Amino acid sequence: MVGEQVLIERTDFQRLLDALHQRGYNVIGPTVHDGAIIYSEIASVEDLPIGWTDEHEAGRYRLKRRNDQALFGYVVGPYSWKKFLYPPVLSLWKAKKTGKSFEVVPNTDEPPQYAFIGVRSCELHAIFIQDRVFTNGKFTDPHYQARRQKIFIVAVNCVQAGGTCFCVSMKTGPKATVGFDLALTEIIDDQRHYFVVEVGTEKGAEILQKVPTKRAQPDDIQTAKERIAQAAQHMGRQLDTTNIKELLYRNLEHPRWDEVATRCLTCANCTMVCPTCFCTTVEDVTDLTGTEAERVRRWDSCFTLDFSYIHGGSVRASAKSRYRQWLTHKLASWIDQFGTSGCVGCGRCITWCPVGIDITEEVRAIRQSELNRTQ
Amino acid sequence: MPKAKKPKVAVWKFASCDGCQLSLLDCEDELLAVADAVEIAYFLEASRAVVKGPYDISLVEGSITTPHDAERIQEVRRVSKFLITIGACATAGGIQALRNFKDVKEFISIVYARPEYISTLEKSTPIAEHVKVDFELRGCPVNKYQLLEVINAFLNRRKPNVPSYSVCLECKRRGTPCVMVARGTPCLGPVTQAGCGAICPAYHRGCYGCFGPKETPNTASLSAWWRKLGVQEQDLVRAFRGFNAYAEPFRKESEAYEQQ
Ligand code: SF4
Ligand code: SF4
Ligand code: SF4
Ligand code: SF4
């Protein structure tokens with residue numbers, strides 16, 4: 001039943017995956033690949049990053065062995081669920097020449113029905129944020145919507161925080177509170193390895209019927225709560241969001257932008273890994289004879305020159321203006337545009353910036369300089 | 001559409017290894033379509049048949065390293081409507097531009113028994129230093145899909161989709177975990193132009209900079225980070241002195257560390 005809490009033993013975890021597979025879901029979850037934990041197709045529980053964890057610092061990420069066999073004992077990898085809901089490269093339509101005219105053939109490929117295993121609370125919030133961007137009445141992106149509508153979400157509550165996490169500051173975690181079908185808290189103690197499972201939807205309850213479960217005892221629920229509270233106390237980063245929009249808007253000419261521009265590579269990694277960044281470009285291609293054409297959408301970024309190219313040149317030619325666009329869009333103008341922050345505090349942009357530029361540090365520098373002035 | 005006269009294409013070679021021309025022959029599946037769409041009028045690597053100019057498109061491979069070539073490129077320009085340089089040699093001087101950092105006469109006297117027979121310039125220079133170039137295609141070698149895209153765009157009178165942003169965008173779209181962040185492997189990707197499809201990071205290697213400097217490259221910041229990763233100054237000089245050593249941002253960066 002929705003709202004109920006049950007237990008799944010680690011030994012029965014495979015049954016959950018089986019139930020989803022039987023339902024025809026393409027099951028996506030965390031797996032170790034190329035030195036990182038990435039989300040990919042999962043056939044069995046053995047594909048999960050059993051006994052692995054990840055260390056995060058600005059510009060540095062390393063996988064490490066844990067001293068237990070946790071399935072979800074890591075924080076977040078470089079790629080969010082965005083790559084499934086909003087693919088990096090997508091053909092939008094093709095066109096064929098017919099006499100003097102041409103015929104447009106839209107891409108109507110049926111997208112896969114995904115079950116996401118291991119969605120963190122910050123990532124859930126990132127999906128809600130992208131929902132506002134893409135399924136916002138008049139301006140709905142049919143490709144996003146088609147994928148989004150069908151997903152089954154197994155959230156996992158964080159019981160440890162990463163070195164660059166700040167979901168507590170952004171009020172997006174570490175506990176998943178809405179928007180999941182099932183939410184797990186993984187508990188490992190001396191005797192047992194099990195999951196406290198919260199049922200979020202009827203769909204979730206239905207899947208659980210195929211999985212051996214027990215009623216969760218008040219003790220189990222309490223343990224889960226405590227573990228999540230521990231994560232909340234160990235955030236690697238903090239961001240003071242008090243009047244952040246006003247703070248940034250009144251500091252658009254702050255010297256800190258020049259300083260960060262000396263470090264920023266305008267490489268676009270931060271925007272690529274950010275689970276809420278949504279910018280793309282479209283490329284029109286033709287075949288050699290000019291009888292067929294195709295429009296392809298690719299992830300783009302406000303860090304490229306072409307992004308702001310209009311007749312006569314790029315509006316944001318300097319690194320300073322591009323970094324400022326990124327940071328102020330995430331934390332200020334996003335609020336005007338969509339009514340929420342564009343940042344969920346997942347820390348990816350900090351970890352995966354090749355030169356370790358830290359969005360929380362940049363805001364702190366600006367805020368601090370104001371405090372210094374008034375003192 | 002009535003079959004208009006096919007555009008005439010010529011492929012020219014200057015100081016180079018032929019690798020870029022071979023990229024064109026390497027377009028196996030697409031080669032027939034290309035041959036159908038254009039008249040390959042001059043392409044010694046592929047055929048000895050030569051059709052007289054002028055040519056609609058000239059693809060120029062290689063850099064200018066001899067007085068003779070400096071004259072020949074003027075002639076190529078005269079007979080070409082649209083001149084495209086292909087590859088790091090033609091676009092940046094190539095690996096042979098390493099000579100630009102040294103005294104060529106010294107090399108000649110060491111390497112050749114009869115130095116007086118050698119007629120060479122002091123520097124290996126890109127085509128654009130000699131004649132007007134209409135489009136520069138980067139890479140060592142060029143990427144065959146980009147090469148096709150440029151020809152294709154020309155034939156269909158559209159702008160080629162050849163972005164000048166960093167390799168990192170391709171790396172991320174491809175789904176590779178960053179080798180610099182996840183492994184501490186120095187990578188030139190953040191200052192290098194996309195185009196290869198981010199091959200090296202996918203095989204756990206740092207980017208070698210084959211496609212030359214990207215738009216607005218911040219080489220100084222990347223070098224500073226490499227130093228933190230433990231890269232020695234002389235190795236930084238070497239990293240920037242690859243196939244695009246003489247491209248200005250890479251040249252300046254290597255010189256900055258050489259002087260130290
Ligand atoms: S801005 Fe950075 S911390 Fe915030 S959601 Fe994006 S990647 Fe995560
Ligand atoms: S920060 Fe840049 S890439 Fe991200 S959504 Fe805003 S404009 Fe787009
Ligand atoms: S902040 Fe970091 S990741 Fe983002 S563009 Fe600058 S250097 Fe690249
Ligand atoms: S591996 Fe290299 S090219 Fe790829 S994202 Fe990292 S720095 Fe950029």
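Structure summary
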| read-out | value |
| --- | --- |
| Modelled FRET efficiency - R0 41 Å, A:Asp109 with B:Val79, Cβ distances, 0.05 increments | 0.30 |
| Extended-chain gain in nm, criterion 0.36 nm per residue less alpha-carbon gap, A:Asp306 and A:Lys225 | 24.4 nm |
| Residue-wise HN-Hα coupling along segment B:109-120, computed from phi with Karplus coefficients 6.51, -1.76, 1.60 (Hz; x: Gly, Pro) | 5, 7, 7, 9, 5, 10, x, 5, 7, 8, 10, 9 |
| Estimated inter-spin distance, A:Arg132 and B:Asp36, nm [label 7 Å along Cα→Cβ] | 5.1 nm |
| Between segment A:1-75 and segment B:217-257, the Cα center-to-center distance that results, in Å | 40 Å |
| Cα centroid of segment B:60-110 to Cα centroid of segment B:160-182, whole Å | 30 Å |
| J(HN,Hα) series, segment A:234-245, from Karplus relation 6.51 cos²θ - 1.76 cosθ + 1.60, nearest Hz, glycine and proline x | 10, 4, x, 9, 9, 9, 7, 9, 4, 6, 5, 4 |
| Solvent-accessible surface (1.4 angstrom probe) belonging to A:Glu259, in square angstrom, nearest 10 | 70 Å² |
| Choice from A:Ile188, A:Ile151, A:Ile127 showing the highest fluctuation, given a GNM over chain A with Cα pairs closer than 10 Å | A:Ile188 |
| Accessible area of chain A belonging to carbon and sulfur atoms, whole % at 1.4 Å probe | 50 percent |
| B:Lys8 long-range amide H proximity, modeled H, under 5 Å | B:Glu39, B:Asp56, B:Ile57 |
| Area projected by the alpha carbon convex hull of segment A:5-232, averaged over all directions, nm² | 15.3 nm² |
| Cα gyration tensor category, rounded, prolate or oblate, for segment A:167-234 with a/c compared to 1.5 | oblate |
| Neighbourhood net charge (11 Å Cβ-Cβ; Lys/Arg +1, Asp/Glu -1) for B:Gln234 | -1 |
| Rounded, prolate or oblate (a/c below 1.5 giving rounded, otherwise prolate when a/b exceeds b/c) for segment A:110-259 by Cα gyration tensor | oblate |
| Carbon plus sulfur fraction of accessible area for chain B, probe 1.4 Å, in percent | 55 percent |
| For chain A, built as a Gaussian network whose Cα springs stay under 10 Å, the top-fluctuating residue of A:Ala229, A:Ala268, A:Ala365 | A:Ala365 |
| Residue with peak Gaussian network fluctuation, chain B [Cα springs, cutoff 10 Å], from B:Arg157, B:Arg138, B:Arg241 | B:Arg157 |
| Whole-number accessible area per residue in Å² for segment A:244-374, which is evaluated in the context of all protein chains at 1.4 Å | 38 Å² |
| Taking the convex hull of Cα positions in the protein assembly as shown, its mean projected area over all directions (nm²) | 34.6 nm² |
| Exposure of B:Leu222 as accessible area (Å², to 10), given a probe of 1.4 Å and all protein chains | 0 Å² |
| Stretch gain in nm, segment A:Lys210-A:Ser101, where the contour uses 0.36 nm per residue and the Cα spacing is subtracted | 33.8 nm |
| 4 °C / 1.567 mPa s Stokes-Einstein diffusion coefficient of segment B:166-235, Kirkwood radius on C-alpha pairs, µm²/s | 108 µm²/s |
| Partner chain coverage, peptide B:220-228 - average Cβ within 10 angstrom | 4 |
| Helix-only mean residue ellipticity at 222 nm for chain B, each DSSP H run of n ≥ 4 adding -39500 (n - 2.57), per residue, nearest 500 | -11000 deg cm²/dmol |
| Net length gained if the chain between A:Asp336 and A:Val282 were fully extended (0.36 nm per residue, minus Cα distance) | 16.9 nm |
| Average beta-carbon neighbours from other chains, 10 Å sphere, peptide B:179-189 | 5 |
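The values are calculated or read from the model by the stated rules, or taken from the named source; none is laboratory data. Here the structure is a predicted model, which means the values were calculated and not measured. Glycine gets a Cβ as well: all are built from the backbone with ideal geometry, and neighbour counts include every protein chain shown. Keep in mind that these areas ignore ligands, DNA and RNA; they rest on the heavy atoms of the full protein, side chains included. Shrake-Rupley method; radii C 1.70, N 1.55, O 1.52, S 1.80 Å.
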